Amino acid sequence: MSEQQRTPVIEFDHNSAGHSADTVGDFRRVREQAPVAWTEAWGGYWLLSGYDAVFDAARDDDLFSSARHAEFGITGQAITLPQKPMALHLPIELDPPESQKYRSIMNRLITPRQVKELMPMIEKYVDMFIDEIIETGEADFSTLTGVPAIVTITWLGAPLRDWRRHAKLHRAILAEPIGSEAYRHAVEVELPALSKIIEEVIHERRLNPTDDAISFIVTQEVDGRPITEEEAFSMIELLISGGVGTTAALTGQSLVWISEHPEVKQQLLDDPGLMQTALEEFLRVFSPTQALSRTVMKDVEFHGVQLRRGERALLAWASANRDGADAGDTPDEVDIRRSPNRHLAFGVGSHRCAGSHLARPLARTIITKILERMPDYRIDSVSARRYDRQGVNTGYEYLPATFSPGERVYTDEALSDFEGPEN
Ligand code: HEM
C-alpha cells in the first residue's frame, strides 16, 4: 500500500524528546487533528489518541493483536513500539483464548483478599522508607517510589537483596533513551543477570514450594499439565516489570501535584476518605502507563481510517483519558472528587491490568502515610527531574522535598537490617 493512502498523517513520535517535554500538550495537538492517524516514526504506526478509538481497539483482540508475529517481523516484545528485546511475557503477549489460561492464574493470585493480607507488609515498608529520611527535613522523594519494587519482590519471594536492581533495570528499559549506554547495559547485562537469578528461584520453588507468589505460580496447571518453568518465568518477569515502575510513577506524580496544590492537600488531610476518588483522578490525569501497542490483523476500516494487516498501532491510554467518558468538558482539570471516573489508566478488555487490586492500596498507603507523617512537605518541582523518555511510562527520577523533621516509627535496631531506599 502506498504511503499516500495512509491518511490522515501526523507528525508524532511518542519516544521523542519533544513528546517527553509535554506529553499532555502533544497528545492534545494530535488528538485535535484526528483521533486515529498515521505517523512515520519507528517504521510507521497508527496512533489511536481518541477515547472511543482506544476503547474499541483494546476490546477487539481479533483485530488488534498483542502477540508476537514473526510473519510481520515482530519477534521481540510486541506491546511496545519499537519492540523490546525481552523474553516472552505472559499473558500480556498472547491473544484470547490462549492468554486466558495464564490470566486466570494471575486473577487467582492477585485478589482483594490476598492483597489485604499483604497490607501489614506494605505499611511496614512505607514506614521504614519514611523513617530513613524523616529526621533530616529534606530528601529526594523519588526514593520513596522504591516501595512498590521492594513490595513486589517480597511478595513474589525473589531474593530481597536484588529489589533495587530490579527497580533500576525496569526504569532504564522504560525511560532511558533507546540506544543510550544505560539502555544497552540494562538490556544486555542486567536483564540476563537478573533473569538467571529468577530462573534459579523458580527451579528451587518447584522442588520446595513455600507460601510466596512464585511458589503459587510454579505449582499451577495449564491445559491440565503442570506449568513449565519457562511459562512461570514469563509470568513472573511480567509481574516484576508491571509491578515496580507503574505504581512508583503514579505516586511520584501525585505527590508533586498535591504539593503544588496546598488547598487540596489540606482537604486530603482533613478528610482522608477523599483519597479514594483522588487516586482515580490521579490515575486518569497522570496515566503512568501512557501507551502500548498492538498489531493489526485484518484489512478493515476502523474509526474512519483504512487499516492494513501487519500494520502497527499505538493505543494511547493517557490521551484517551483526557478525551472522553466522565472527563466531560473538564478533561484537563484535576478534580479529586470526580465520580464516576471510568478512565483507561489500567487499560480495558482482556488484558486490563491484573495488578490493579494491588496498585491502588499500595499507592494509597504511600501517599496517605506521607501526608500523615510529613504534612507540610513541599517538593521543589522546578528542580524535579522527569524520566528522559516518557512514551511508555511517565514519572520523576528526582523529587527534591523539604518538610519539618519528624520521629521514626521503627528503632535503629529494626532499621539496621533493612535494605533501605538509598540509590
Ligand atoms: C498504577 C499502577 C499500574 C498501572 C497504571 C498499570 C497499567 C496497566 C495497563 C495499561 C495494562 C494493560 C496492558 C495492555 O492492554 O496491553 C496492564 C496490564 C497488566 N498489569 Fe498493570 N498497571 C499498574 C500496576 C500493576 C501492578 C502493581 C502489577 C503487578 C503486581 C501489574 C501487573 C499487570 C499485568 C500482569 C498485566 C497484564 C494483564 C494481561 O495481559 O492479562 N500492574 N497494566
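What does the C-alpha gyration tensor say about the overall shape of region 130-177? Classify as rounded when a/c is under 1.5, otherwise prolate if a/b is larger than b/c, or oblate.
oblate
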key: Geometric extent, Cα atoms of region 54-194 - Rg, Dmax (angstrom)   = 18.4, 58
message = What's the ranking of 333-342, 304-313 by average number of surrounding C-beta atoms within 10 Å, highest first?
response = 304-313, 333-342
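For region 183-336, rounded, prolate or oblate, judged on the Cα gyration tensor with a ≥ b ≥ c (square roots of eigenvalues), a/c < 1.5 rounded, else prolate if a/b > b/c? All intermediate terms of the calculation are to be shown ahead of the outcome.
On the way: a/c = 2.29, a/b = 1.34, b/c = 1.70.
Note, shape of region 183-336 comes out oblate.
Rg to Rh for the chain: what is it, with Cα atoms only and Rh by Kirkwood? Mind showing how you got there, number by number?
Working: Rg = 21.2 Å, Rh = 22.2 Å.
Radius of gyration over Kirkwood radius for the chain works out to 0.96.
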remark   = Percent of all Cα-Cα pairs per 10 Å bin for region 75-133, counting from 0 up to the last occupied bin, reads 19, 26, 26, 26, 3
task = Run through the DSSP bridge list for the chain and note the antiparallel percent, rounded to the nearest 5.
result = 85
ask   = Can you pick out the pairs among Lys116/Lys265; Lys116/Lys168; Lys168/Lys196; Lys265/Lys369 whose Cα atoms lie more than 22 Å from each other?
value = Lys116/Lys265; Lys116/Lys168
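Ordered by packing density, taken as the mean number of other Cβ atoms within 10 Å over each peptide's residues, highest first, how do 219-226, 103-110, 271-278 rank? Don't skip to the answer; put the middle values down first.
Details: 219-226: 11.0, 103-110: 17.2, 271-278: 15.0.
In descending order of packing, they fall as 103-110, 271-278, 219-226.
Read-outs throughout are calculated quantities, based only on the coordinates presented, and are distinct from any laboratory measurement. On a predicted model such as this, the values are computed, not experimentally measured, just so you know. Backbone-built Cβ (ideal geometry, glycine too); neighbour counts: all protein chains shown.
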